[in-house]
Amino acid sequence: MASPGSLRRSQRRFAFSVMTPIMIYLMIFSLLPMIWAVILGFFDYSPARVGGTIFGLGESNPFVGIRNYLDMFNDSQPATVFRKSVSNTFLFTFLILPLNLAITLPLAIIIERSHARVKGFFRAVYFLPTVTSAVAVALIWGAIYNPQAGLLNSMIRTIGMTPPKAWLSDPQAFVMGIPLAMIALIVAHLWQDFGYNLVIFIAALQGIPQNLRDAAMVDGANEQQMFWYVTLPLLQPTLLFVCVMTILSSLQMFILAQVMTAGGPREQTTTMLMSIYSNAFRYQNMGWAAAMSMVLFGIIMLFTILQFRFLRSDWEY
Amino acid sequence: MRSYSPVRWLVLIMALVLASCSAAAPAAPVAEQVTIRMWSHQNSAFNKVNQELIDQFMKENPNIIVKYETFPYDQFIRTLQTSMPAGTEADVIEMFGSWVCNYATGGRLQETPAEVMSYTKAQEIFYKAPLDGYYCDGKLYGMPNEYNLEYSGALVNPELYKAAGIAFPPEYKDYNSLIADAKKMTAFSGETMTTAGFHYVGGDALGFIMLGGILEQGGNYFADDGKHFNFESKEALNVISTLTRYAREDKVIDPTLFSGDNGLPGAFFKNQVGIAYIGPWAAGVGLVDYPDVKFEYVALPPMFGSEYKFAADAGWGKVVSTNTKHSKEAWMLQNYLTINRANALKFNQISGTVPALKELVDNPAEILAVAPYMQPILKLLPHGQYLGNVTDRDQLFYEIIAKNLTDALNGTMTPEQAAAKMNAEANAMVDSKASK
């Protein structure tokens, strides 16, 4: 007799038949490229060279061991740019996460409490930038930031203030030590991205049972106490999901920076993905780019594990 | 029911096979149809002329079918890189000269067969600067269609000249007069520069001014070993200091504002630039994409000294892949597109590119009839030399020269610091590639 929870033979066959195609797909398009990237990280591989007989590895694409990883610490220009891109990516991520949460959570609470018709309208309006093409968003914000004819500078001048010389290209413009171009990029990214988290928070808030709130009210909790002691703890799984997704997307920042600043000025907005892309496809240093992508993979994995460790909750409602 | 024995079955099958074989045999010998592919990046003018020439080729060679496939520029590079290891790239590829040796020495391209063209013969008919991009380790790989020129030519804006009360078109004998005019055309709104008198801040422009400037002064950007660089010479420092002076003292360009969207040639066609240092290809782009903008293309004097001397970047041409299964037909097409005078002329006329074939420049009436803006710079062509093996052209130009020069122009580094950093980074690039 099958143990409780185990599947019957027909169920197993069904599960196997529906999962096999997707597993094959994942193996071919996800797992194999990942394994290939791990291997490439140990070679000085360029697709421009024929190399050895096994997948072009060896001979003119020689095995270099951990040389690509060690090179990340030397003084060469690509290594310097890569290290700069790592610090830029961290800066971007750690500014985006709290700012995103600080905007989306209160806004979600306000929208969730509003009338049903208004709720739908605002949810749609705020979600619109999320479904807009990132390239289009980058072009829109590029025009807004234009130093000579941009909307932002016109508005600043209208109120009698002096705008910065250039939002996206001045290498000497900093605000509290953060490059102005990075701040401009963060604002554009927040505008595009916050609708996603907002919709998730609204859905999570709607899922909190009303009887828990009623009980808190009966116990005399005010609005603030209700938020801190009822709403926020119950949102913990959603908060974990939102944090993980926001960090993942921020660590993989590419399109906005590529289109708006191309990594400039002076690599102040070069992200890890931009560095990997340009080394792989512009300079044909696939081995070096693969090693860098392994570092990015490690960082993303570490963050995800840490967040699951510290933000997970052991209960559901 | 009647049954057949195995022997009968065998006889029947053999009879059918023999019958089908005899039916398939042609009544008369017919030339074998061969299908080859050609790839290029997407550029409406290039694609138009390539397609026309391919159609013509197929008419003249009815047994060869050519499939012409194009890709957006970035995708083209990625596709080359992924298809070559897989052996699925096209038989003939339109490739930029400065990429050729990278692919050729990696074993991805076929050496030009001696019966198609020898290097000695090619030197007679092509300019050396574009040809040498296709000549790697003593072997010729394909041939150029274009002489890529980014040196000593400029787009000039008649409206801004007129508004500043300067005679048009200008004929500059030296850079003092050019900068004087540029200063008159430069305009500000408060402290924000709205019009740049002289725009030379671009990845290609800065690179070619840097290398050409060193050569004009009799220097060399290569170190004695011919592989490493010397960007700390007095000639190199002079180039950086001069360009910095134009930006910081003469204030004819603000590199912070005139970059990105306001880079070259975009800012010029927005009427925000008086003189834009750029290759003649930009004039071709202007005629097609900005028909309402009035401009002229003029030759500029040497920036240093009185003699033109410059480094050139080969240009677009056609190469043949080592993976082709139809070498003969691929080289026929390659030959047809690059060496045939009428076809090479047609390519340059329609694509607006400078001819790589000497003959077309020696008798320039036909090319000038279509691209009159090339007139001022045709006289410069014999003064060019190929860039040489600069290890990684894009990294050197965009990541090393342009970035460090821009830092000097912005004032975030002194010219000496920029030269030292440029020198260190360029040589580290050489060492890094050599050591792996």
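A short reminder: the numbers here are calculations on the coordinates, not readings from a lab. Note that the coordinates shown come from a computational prediction; the quantities given were computed from them, not determined experimentally. Cβ sites come from the backbone with ideal geometry, for glycine too, and all protein chains shown count toward neighbours.
Annotations
- Mean-position separation - Cα centroids, the range A:199-225 and the range B:309-379, in angstrom: 74
- Summarising the amide proton neighbourhood of A:Phe43: residues at separation of 5 or more, or on other chains, whose placed amide H is nearer than 5 Å comprise A:Val64.
- Take the Cβ atoms of A:Ile22 and B:Lys227, set R0 to 56 Å, and the FRET efficiency comes out at 0.65.
- Put the Cα centre of the range B:60-112 next to the Cα centre of the range B:170-235 and the gap is 35 Å.
- B:Phe71-B:Gln417 FRET efficiency (beta carbon distance; Förster radius 60 Å; 0.05 resolution): 0.90
- Among the chymotrypsin sites (Phe, Trp or Tyr not before Pro) in the range A:63-133, those placed in a DSSP loop whose Cβ has at most 11 other Cβ atoms within 10 Å are A:Phe73.
- Ranking of B:Ile278, A:Ile183 by count of other Cβ atoms within 10 Å, fewest first: A:Ile183, B:Ile278
- Measuring r between the beta carbons of A:Phe29 and A:Leu240 and using R0 = 25 Å, the FRET efficiency lands at 0.35.
- When the trypsin sites (Lys or Arg not before Pro) in the range B:129-192 are filtered for DSSP coil states and for at most 16 other beta-carbon atoms within 10 Å of their beta-carbon, the remaining sites are B:Lys173.
- Rounded to the nearest whole Hz, the Karplus-based 3J(HN,Hα) values (6.51 cos²θ - 1.76 cosθ + 1.60, θ = phi - 60°) of the range B:175-181 follow the sequence 6, 4, 5, 5, 5, 4, 5, with x at glycine and proline.
- DSSP loop trypsin sites (Lys or Arg not before Pro) with at most 11 other Cβ within 10 Å: longest gap in chain A: A:9-311
- Chain B, helix-only ellipticity at 222 nm - DSSP H runs n ≥ 4, -39,500 (n - 2.57), divided by all residues, nearest 500: -13500 deg cm²/dmol
- Relative contact order computed over the range A:39-311 (Cα-Cα under 8 Å; 6+ residues apart), in percent: 29
- Going by neighbour counts of Cβ atoms within 10 Å, the residues B:Trp99, A:Trp36 line up, fewest first, as A:Trp36, B:Trp99.
- When the GluC sites (Glu not before Pro) in the range B:213-257 are filtered for DSSP coil states and for at most 10 other beta-carbon atoms within 10 Å of their beta-carbon, the remaining sites are B:Glu249.
- Summary value for chain B: 24 percent relative contact order, contacts being C-alpha pairs under 8 angstrom separated by 6+ residues.
- Counted by neighbouring Cβ atoms within 10 Å, the residues A:Met260, A:Met72 run from fewest to most as A:Met72, A:Met260.
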